[in-house]
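What follows draws every value from the coordinates through simple rules; no lab data is involved. Worth saying up front: this structure is predicted, and the values here are computed from it rather than measured. Positions of Cβ are backbone-derived with ideal geometry, glycine not excepted, and every protein chain shown enters the neighbour counts.
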Amino acid sequence: LGSSSFFKPSALSPHLPAALDFDLITTQPYRAPEVIFQVGWSYPADTWSFACILFELKTGVRLFDGLNDEEHVDQMRQRLGPLTSTQDITDSWKGTGGGGAPPARPPAHLLDILTGRRPHHLARKVPSIDEVLRSEPETLRLLRRMLAYDPFQRARCSTIASELNRGRDVSEGEPVRV
């Protein structure tokens with residue numbers, strides 16, 4: 001899902017890798033909150049990325065297209081609603097493990113934007129997913145489950161596959177419609 005690893009240049013030569021750059025695991029528009037906040041991540045970050053791609057396939061528009069972390073987080077707040085409990089979520093993020101860096105304390109200014117305590121000063125208004133997918137209640141319900149801020153509350157792959165294939169005989173190779 002767009003994951004990549006970059007090598008930081010060596011002190012000896014910019015063409016020789018010195019170390020992996022572990023903080024970049026996903027293409028910018030598809031990054032999960034725990035990736036942006038650099039608090040450790042695991043498989044649920046892929047679920048988030050997949051949800052972003054499904055939204056884009058369904059609507060033709062990126063779910064999040066901010067040019068920096070502040071814009072990205074503000075668009076999360078606008079599209080999904082504000083984060084309501086920073087204590088619960090930051091504790092949950094710290095439990096995700098994975099990622100290349102040890103869990104850290106999330107940047108306070110980004111948490112303030114996500115909770116709505118401090119709006120982003122250059123925020124471009126984007127509609128909520130509820131508004132965009134009003135006529136697609138099944139898609140909206142699935143994406144909401146995949147885009148939970150808490151990685152442990154996100155839909156699992158088996159649930160996603162079941163939802164996407166509900167009522168279809170996938171053994172016949174029938175294409176799945178989102």
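What does the charge count near Asp74 come to, summing +1 for each Lys or Arg and -1 for each Asp or Glu among other residues with Cβ under 15 Å from its Cβ? Don't jump to the answer; show the numbers that get you there.
Working: positive: Arg31, Arg62, Arg77, Arg79, Arg117, Arg118, Arg124, Lys125; negative: Asp65, Asp69, Glu70, Glu71, Asp112.
Residues close to Asp74 contribute a combined charge of +3.
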For this session: Name the residues whose placed amide hydrogens come within less than 5 Å of the amide hydrogen of Arg118, ignoring near sequence neighbours (fewer than 5 apart) on the same chain.
Result: Ile113
Problem set entry | Table column - 3J(HN,Hα) (Hz), region 152-159, Karplus curve with 6.51, -1.76, 1.60, x for Gly and Pro | 6, 9, 5, 4, 7, 4, 4, 5
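With r defined as the distance between the Cβ atoms of Phe152 and Ser128 and R0 fixed at 22 Å, what FRET efficiency is calculated, to the nearest 0.05? Provide the component values of the computation, followed by the final result.
Details: r = 23 Å, r/R0 = 1.06.
Calculated transfer efficiency: 0.40.
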Problem set entry | Asp65 versus Arg117: modelled label distance in nm, points set 7 Å from Cα along the beta carbon direction | 3.1
